[in-house]
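The values are calculated or read from the model by the stated rules, or taken from the named source; none is laboratory data. Since we're looking at a predicted model, the values are computed, not measured. Cβ coordinates were reconstructed from backbone atoms using ideal geometry, including for glycine residues, and neighbour counts include every protein chain displayed. SASA here: full protein model, heavy atoms, side chains in, ligands and nucleic acids out. Shrake-Rupley method; radii C 1.70, N 1.55, O 1.52, S 1.80 Å.
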Amino acid sequence: MSFELVGLPALSRFTVDRREPLRGDAERLAQLWPKARVVLVDGRGRALVADRGSRLVDRPATEFGDEPPEEAVLLGEQHGVAYWAVPAVGDESEVVAPSGRVWPQPELTDQPQWLDLRASGALLDDTGAGLLTSAVALFHWHRSAKFCTACGGETRSAKSGWVRVCTRCGREEYPRTDAAVICLVHDGADRVLLARGEGWPEGRYSVLAGFVEAGESLEACVAREIEEEVGVRVGDIRYLGSQPWPFPRSLMIGFRAVADPAEPLRLADGEIAQAKWVGRADVRRALAEPGSVPDLLLAPGASIAYRMIHSWATTDPAGS
């Protein structure tokens, strides 16, 4: 059987225009600032969300001054409104900028919460999910790129937060993204191979994943990672889709592949705690009612793993 992803992964959704020229267009950005909106993101990657996690809370840019703060990053533009994000430190009662300035807290009546992408990514609307995903990825990069990799000099933010420039040698650095593959292995019929990583909660299972090595193709990485982690050889490797995973800077590239359930499973010591073949009926039950299938809690909704498992489980093998 074959299957495709049913819908975009939660964090792959994005609606604003994020084309590069606007980031360096100071005149246009100044024109947009009075009507711009700003999202605060703390050091744990959390933002304020409302309406039971479905709406990302933003506030007028003018509350933050007459121009974007130095640490602000431009997320994009939509219908003439520019969206920015500003990093914040502090707690839920007082949000403070890295510079020490206290940012305004919005007055809301619907009991908003500070949530990260794992908790809110699948609940947020398309615009909110895309904005927060980009903001979290950029702020992770800024925290780790404060010094030049060529000369060790300090770097400063430029082009609306999308470049860091070395103050000593002038070298420009751009946000890094690390490629990782994630693969749903099935038997071509009604079983899927799921694994539990070392350190994961008991009963928590997902599909297999790993980082792409230097000089390696995506397909070769799929075959290598699966054989390394569970000792199974795969074939018929096919691309499914991708999703940013900014924890801190991965791009998860999804595949499906076929393996023989008769092959013995050999688990990578220190990486995989358990692995097993699971029938489609049990996967469907576990998705519909978490906790209903003993020892089978599946990946959360914000991950591409969830979208892959859901898409495979809801495909009719007889009709493929």
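Annotations
- Selection over the range 232-264 of residues that are in contact with a strand residue (DSSP E or B) (Cβ under 9 Å, 6 or more places away or on another chain), open to solvent by less than 60 Å² (accessible area, probe 1.4 Å) and more than 30 Å from G45 (Cβ to Cβ) gives a count of 8.
- Selection status of A302, open to solvent by less than 50 Å² (accessible area, probe 1.4 Å), more than 18 Å from V185 (Cα to Cα), in contact (Cβ under 8 Å) with a residue 12 or more places away in the chain and not in a strand (DSSP E or B): yes
- Search result, residues across the range 305-320 that are surrounded by 16 or more Cβ atoms within 10 Å (Cβ to Cβ) and at pLDDT below 95: T315
- Looking only at residues in the range 150-186 that are in a strand (DSSP E or B) and among the polar types (S, T, N, Q), the one that is nearest to the chain's Cα centre (by Cα) is S157.
- Condition check for P294: of a type outside the set (F, W, Y), part of a loop (DSSP other than H, G, I, E, B) and within 17 Å of the chain's Cα centre (by Cα): no
- Residue within the range 199-214 that is in contact with a strand residue (DSSP E or B) (Cβ under 6 Å, 6 or more places away or on another chain), within 30 Å of V293 (Cα to Cα) and of a type in the set (F, W, Y) present: yes
- Of all residues in the range 30-51, those that are over 20 Å from the mean Cα position of the chain (by Cα) and in a loop (DSSP other than H, G, I, E, B) total 2.
Listed here are the residues, each with its yes/no results for (1) touching an Asp or Glu at 6+ places or on another chain (Cβ under 9 Å); (2) within 30 Å of P69 (Cα to Cα); (3) not hydrophobic (A, V, I, L, M, F, W, C).
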site	(1), (2), (3)
L138	no, yes, no
G153	no, yes, yes
T167	yes, yes, yes
R171	no, yes, yes
Y174	no, yes, yes
D178	no, yes, yes
G188	yes, no, yes
G210	yes, no, yes
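- Meets criteria (assigned to a strand (DSSP E or B), over 18 Å from the mean Cα position of the chain (by Cα), more than 30 Å from V39 (Cα to Cα) and in contact (Cβ under 8 Å) with a residue 24 or more places away in the chain) for A189: no
- Taken together, L22, L5 contain a single residue that is at pLDDT 95 or above, assigned to a loop (DSSP other than H, G, I, E, B) and closer than 22 Å to P244 by Cβ, which is L5.
- Evaluated against (1) out of contact with any helix residue (DSSP H, G or I) (no Cβ under 7 Å at 6 or more places or on another chain); (2) charged (D, E, K, R); (3) farther than 30 Å from H140 by Cα; (4) crowded, with 17+ Cβ neighbours inside 10 Å, E289 falls short on exactly one condition, (4).
- Scanning the range 265-280 for residues that are among the basic types (K, R) and open to solvent by less than 30 Å² (accessible area, probe 1.4 Å) yields a count of 1.
Table: residues versus (1) at pLDDT below 95; (2) out of contact with any Asp or Glu (no Cβ under 8 Å at 6 or more places or on another chain).
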position	(1), (2)
A223	no, yes
V230	no, yes
W245	no, yes
P248	yes, yes
V258	no, no
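- If only residues of the range 52-79 that are touching a Pro at 6+ places or on another chain (Cβ under 8 Å) and in a loop (DSSP other than H, G, I, E, B) are counted, the one that is surrounded by the most Cβ atoms within 10 Å (Cβ to Cβ) is V57.
- For the criterion of being touching a residue at least 60 places away in the same chain (Cβ under 8 Å), open to solvent by 70 Å² or more (accessible area, probe 1.4 Å) and at negative phi, L8 passes.
- Residue among L138, L124 that is assigned to a loop (DSSP other than H, G, I, E, B), modelled with pLDDT of 95 or more and either open to solvent by less than 40 Å² (accessible area, probe 1.4 Å) or farther than 29 Å from L251 by Cα (or both): L124
- Scanning the range 195-225 for residues that are open to solvent by 80 Å² or more (accessible area, probe 1.4 Å) and either closer than 17 Å to G241 by Cα or part of a helix (DSSP H, G or I) (or both) gives F211, E219.
- Hits in the range 161-176 - residues which are open to solvent by 20 Å² or more (accessible area, probe 1.4 Å) and modelled with pLDDT of 95 or more: W162, R164, V165, T167, R168, C169, G170, R171, E172, E173, Y174, P175
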